[in-house]
1. Name every residue in the stretch 223-243 that is closer than 19 Å to S176 by Cα and in a strand (DSSP E or B), in order of residue number.
2. Please give the number of the condition L203 fails out of (1) closer than 17 Å to R122 by Cα; (2) touching a Phe, Trp or Tyr at 6+ places or on another chain (Cβ under 9 Å); (3) not in a strand (DSSP E or B).
3. Only residues that are of a type in the set (S, T, Y) and more than 18 Å from V67 (Cβ to Cβ): list them for the stretch 180-232, please.
4. In the stretch 110-127, what residues are in a strand (DSSP E or B) and open to solvent by less than 20 Å² (accessible area, probe 1.4 Å)?
5. V163 is checked against (1) farther than 27 Å from F36 by Cα; (2) surrounded by 16 or more Cβ atoms within 10 Å (Cβ to Cβ) and fails just one. What number does that condition carry?
6. Whether any residue in the stretch 172-185 is surrounded by 14 or more Cβ atoms within 10 Å (Cβ to Cβ), under 15 Å from the mean Cα position of the chain (by Cα) and assigned to a strand (DSSP E or B) is what I want to check.
7. Taking the residues in the stretch 114-160 that are among the basic types (K, R) and modelled with pLDDT of 95 or more as candidates, determine which candidate is farthest from V65 (Cα to Cα).
8. Within the stretch 123-159, take every residue that is aliphatic (A, V, I, L, M) and over 14 Å from the mean Cα position of the chain (by Cα) and give me the one that is farthest from R186 (Cα to Cα).
Amino acid sequence: MKTEKYAPGMAAAVLLVLSFASGADEAGAISYLEDFSSETVAAPPVSFTPAVGNWIIGSDGDNKVLVVDGSKWQRGQAAAGLADKARTLYGERYAEFLDNVKAYAYFPFAVYKAVESFSNGRISMRFKSIAGRIDQGAGILFDLKPNGDYYALRANPLENNLVLWRFKHGRRSSVSWVRHVRTPSRQWHSISLQVQGRKIRGLVNGKEYMVHELPDPVKGRVGIWTKADSVVFFDDYKVSPAP
């Protein structure tokens with residue numbers, strides 16, 4: 001029997017080493033895959049920069065995973081060393097980023113270091129929700145701007161839905177909402193985002209559930225998003241920019 005374990009309560013720290021696997025698809029475009037195999041269990045992630053919440057490398061059986069540990073979550077809690085992380089991500093505009101991120105402290109997220117800007121292509125990952133009374137959300141964060149605005153496409157086993165959220169100027173709003181998308185807890189699922197210009201598509205476990213057109217083209221950083229007290233395992237985070 002495989003066991004699930006992680007190291008709870010360890011605050012994330014700033015690590016500037018870039019660690020990712022990359023390859024070329026048939027069209028010659030570079031894709032990035034992070035399976036966390038080179039990471040250290042019970043240490044903060046090297047491949048992602050936590051902005052809000054507690055993020056740690058854990059294991060699911062013999063497999064290394066990224067864990068968001070919301071068991072000690074507190075409202076308004078940003079990740080440790082957030083100011084330094086903001087400087088690393090956005091340089092002189094870090095103060096603007098900080099102000100908005102603090103307004104979003106109800107929503108833990110971590111930024112993928114390998115991709116500085118994503119506009120078109122596909123982002124996918126696997127997730128396994130473990131616990132959370134308030135929420136067990138698992139989402140792909142994208143279009144993260146220097147001022148902290150972003151979108152998140154997320155699934156939630158507690159609500160059985162798929163929602164596209166927009167975070168702008170410190171406010172969250174739902175953009176598109178699809179019901180009857182089942183992702184039972186303690187099972188592995190996949191979620192994918194496809195972006196072509198302003199059009200996005202959302203898939204769960206290989207099935208397309210959402211098609212939506214945004215008001216503006218996507219261009220920004222990407223990452224992983226969740227909410228409140230969620231405890232979720234993440235694996236096989238892949239970014240495939242269009243050529």
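1. Start the filter on the stretch 223-243 by keeping residues that are closer than 19 Å to S176 by Cα, which leaves 224-227.
Residues satisfying the conditions are I224, W225.
2. (3)
3. Once the filter is applied, which keeps residues that are of a type in the set (S, T, Y) and more than 18 Å from V67 (Cβ to Cβ), the stretch 180-232 yields S192, Y209.
4. Answer for the stretch 110-127, where residues must be in a strand (DSSP E or B) and open to solvent by less than 20 Å² (accessible area, probe 1.4 Å): A110, V111, Y112, F118, G121, I123, M125, F127.
5. With (1) farther than 27 Å from F36 by Cα; (2) surrounded by 16 or more Cβ atoms within 10 Å (Cβ to Cβ) applied to V163, the lone miss is (1).
6. no
7. Among those that are among the basic types (K, R) and modelled with pLDDT of 95 or more, it is R122.
8. I134
The values are calculated or read from the model by the stated rules, or taken from the named source; none is laboratory data. Bear in mind the structure is a predicted one, so any value in this text is a computation, not a measurement. Cβ coordinates were reconstructed from backbone atoms using ideal geometry, including for glycine residues, and neighbour counts include every protein chain displayed. What goes into the accessible areas is simple: the full protein's heavy atoms, side chains included, and nothing from ligands, DNA or RNA. Shrake-Rupley method; radii C 1.70, N 1.55, O 1.52, S 1.80 Å.
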